[in-house]
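Everything below concerns the one structure shown next.
The values are calculated or read from the model by the stated rules, or taken from the named source; none is laboratory data. Computed from a predicted structure; not experimentally measured. Note that each Cβ is placed from the backbone with ideal geometry, even for glycine, and that neighbours are counted across all protein chains shown. Remember, those area values only see protein heavy atoms, side chains included, never the ligands or the DNA or RNA. Shrake-Rupley method; radii C 1.70, N 1.55, O 1.52, S 1.80 Å.
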Amino acid sequence: MSNLLKEMKYTSAYLIPLCCFIGFYFGGVYTWLTIVFSFIFTPILDAFLPTTEAVSESNNKEYSKLYDWFLYLNLIWVFGLVIYGAFQWESHSYTRIENIGLIISLGLVLGTSGINVAHELGHRVEKKEQLMAQALLLPTFYMHFFIEHNRGHHANVATPLDPATAQRGEYIYSFWFKTVIFSYVSAWKIQLKMLKGKFFSFKNNMLWYHIIYAVYIFSILFMFNTQVLMYCVIAGIVGFLLLETINYVEHYGLQRKLLPNGKYERVQLHHSWNANYTFGRIILFELTRHSDHHYKASKKYHTLEHQTSAPELPFGYPTAILCSLVPWLWFWVMDKRLT
């Protein structure tokens with residue numbers, strides 16, 4: 001029981017969607033609350049709270065259904081905020097600055113409570129959890145991530161074959177185009193290979209995804225208006241660009257060795273950047289312990305551990321994201337850490 005009470009810390013992840021809800025409800029300066037919380041408040045806490053290594057804390061490896069429910073509840077946050085936000089956009093006259101704040105805020109929710117949680121559930125073996133993962137990817141129009149991430153990214157990470165791995169000296173903005181386009185193409189290739197080339201198949205999930213996208217879009221149009229649809233679509237784009245920026249940060253410049261037999265070495269702990277900063281890792285359900293995740297993808301988030309042999313980012317994810325948006329600064333900070 002004491003371990004479970006300690007793991008209630010993961011409810012901190014709900015502060016991001018809560019801030020977004022407050023923004024839609026109160027308007028005004030609160031429309032930027034999610035952004036301030038994510039990129040100012042969180043880095044400050046990361047800077048002052050002791051890291052896991054410093055306090056000799058390891059994650060609880062005991063299983064409880066509670067850990068799963070921490071993830072499942074994000075379905076309510078994600079779809080609840082999309083619907084609530086749509087109603088608020090239709091019934092309120094927000095200013096342009098307020099709308100920008102709300103769109104980015106909703107995008108941050110779709111990227112964290114949506115894609116990030118979908119990433120965790122997508123690695124599970126239970127069908128219901130895989131369906132939840134795909135549902136959480138819907139508002140960002142990134143359902144192909146479910147296919148490409150598990151069967152493409154994890155197999156090809158830290159090699160030129162992986163569109164989600166940034167090469168040394170690669171600009172974040174060109175990386176966005178590369179990874180968005182070629183990850184989508186990779187998902188199609190994987191799907192068709194699984195179906196042995198049969199395009200028109202009931203089991204072609206890539207086709208189903210596009211049908212579901214159409215239903216989602218027409219549902220918003222039917223219930224609301226074109227402006228609300230535009231805001232929801234842009235928020236979805238913000239969400240998947242957040243994902244791809246995190247991909248950029250997680251594997252920047254790291255490469256696996258090509259062996260004499262033409263295959264790449266097995267994925268090791270040093271092929272992903274770790275960010276063992278306490279608050280940032282908790283609100284992202286341990287995503288920042290990325291080296292341990294890639295080394296053994298079947299481990300559930302609450303069992304991931306800090307690996308001291310993994311390369312460590314000099315700051316947490318929010319700061320890394322902001323830093324990556326200024327390429328010369330990012331290269332100056334990170335290139336000297338590459339061997």
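Report yes if some residue within the range 326-337 is within 17 Å of Asn116 (Cβ to Cβ), at pLDDT 95 or above and buried (at least 19 other Cβ atoms within 10 Å of the Cβ); otherwise report no.
no
Within the range 280-296, can one find any residue that is open to solvent by 40 Å² or more (accessible area, probe 1.4 Å), of a type outside the set (Gly, Ala, Ser), touching a residue at least 60 places away in the same chain (Cβ under 8 Å) and farther than 15 Å from His154 by Cα?
The answer is no, given that none of the residues of the range 280-296 is open to solvent by 40 Å² or more (accessible area, probe 1.4 Å), of a type outside the set (Gly, Ala, Ser), touching a residue at least 60 places away in the same chain (Cβ under 8 Å) and farther than 15 Å from His154 by Cα.
Kindly state which helices (runs of 4 or more DSSP H) lie completely within the range 174-293 and contain at least 2 residues that are over 18 Å from the mean Cα position of the chain (by Cα).
Helices (runs of 4 or more DSSP H) meeting the threshold: 205-223, 226-251.
Suppose we keep only residues that are farther than 19 Å from Ile246 by Cα and of a type in the set (Val, Ile, Thr) within the range 147-194. Which one would you say is most open to solvent (accessible area, probe 1.4 Å)?
Val185
Out of everything in the range 94-122 that is open to solvent by less than 10 Å² (accessible area, probe 1.4 Å) and β-branched (Val, Ile, Thr), what residue ends up being nearest to Asn225 (Cα to Cα)?
Result: Val109.
Under 21 Å from Ile40 (Cβ atoms) and over 16 Å from the mean Cα position of the chain (by Cα), is that true of Leu329?
Yes: the conditions hold for Leu329.
Please go through the range 123-146 and pick out each residue that is open to solvent by 10 Å² or more (accessible area, probe 1.4 Å) and part of a helix (DSSP H, G or I).
Lys127, Lys128, Gln130, Leu131, Met132, Gln134, Ala135, Leu138, Phe145, Phe146
Please enumerate the residues belonging to the range 297-306 that are crowded, with 20+ Cβ neighbours inside 10 Å and more than 20 Å from Ile115 (Cβ to Cβ).
The one that is crowded, with 20+ Cβ neighbours inside 10 Å and more than 20 Å from Ile115 (Cβ to Cβ): His306.
Would you please name the residue that is farthest from Ala164 (Cα to Cα), looking only at residues in the range 195-209 that are free of Cβ contacts under 8 Å to residues at least 40 places away in the same chain and surrounded by 13 or more Cβ atoms within 10 Å (Cβ to Cβ)?
We begin by selecting, within the range 195-209, every residue free of Cβ contacts under 8 Å to residues at least 40 places away in the same chain; these are 195-204, 207-208.
In the following step, the residues that additionally are surrounded by 13 or more Cβ atoms within 10 Å (Cβ to Cβ) were identified as 195, 201, 204, 207-208.
Details: Leu195: 24, Ser201: 28, Asn204: 23, Leu207: 22, Trp208: 24 Å.
If we take residues in the range 195-209 being free of Cβ contacts under 8 Å to residues at least 40 places away in the same chain and surrounded by 13 or more Cβ atoms within 10 Å (Cβ to Cβ), then Ser201 is farthest from Ala164 (Cα to Cα).
Can you tell me how many residues within the range 234-268 are in contact (Cβ under 8 Å) with a residue 60 or more places away in the chain and open to solvent by less than 60 Å² (accessible area, probe 1.4 Å)?
20
Report, by residue number, each residue of the range 241-268 that is touching a Leu at 6+ places or on another chain (Cβ under 8 Å) and of a type in the set (A, V, I, L, M, F, W, C).
Listed by number, the residues that qualify are Leu242, Ile246, Val249, Leu254.
Just one of Tyr72, Tyr63 is over 26 Å from Tyr317 (Cα atoms) and either in contact (Cβ under 8 Å) with a residue 12 or more places away in the chain or under 16 Å from the mean Cα position of the chain (by Cα) (or both); which is it?
Tyr63
Within the range 50-93, how many residues turn out to be more than 30 Å from Thr308 (Cβ to Cβ), open to solvent by less than 60 Å² (accessible area, probe 1.4 Å) and modelled with pLDDT under 95?
Final tally of qualifying residues: 0.
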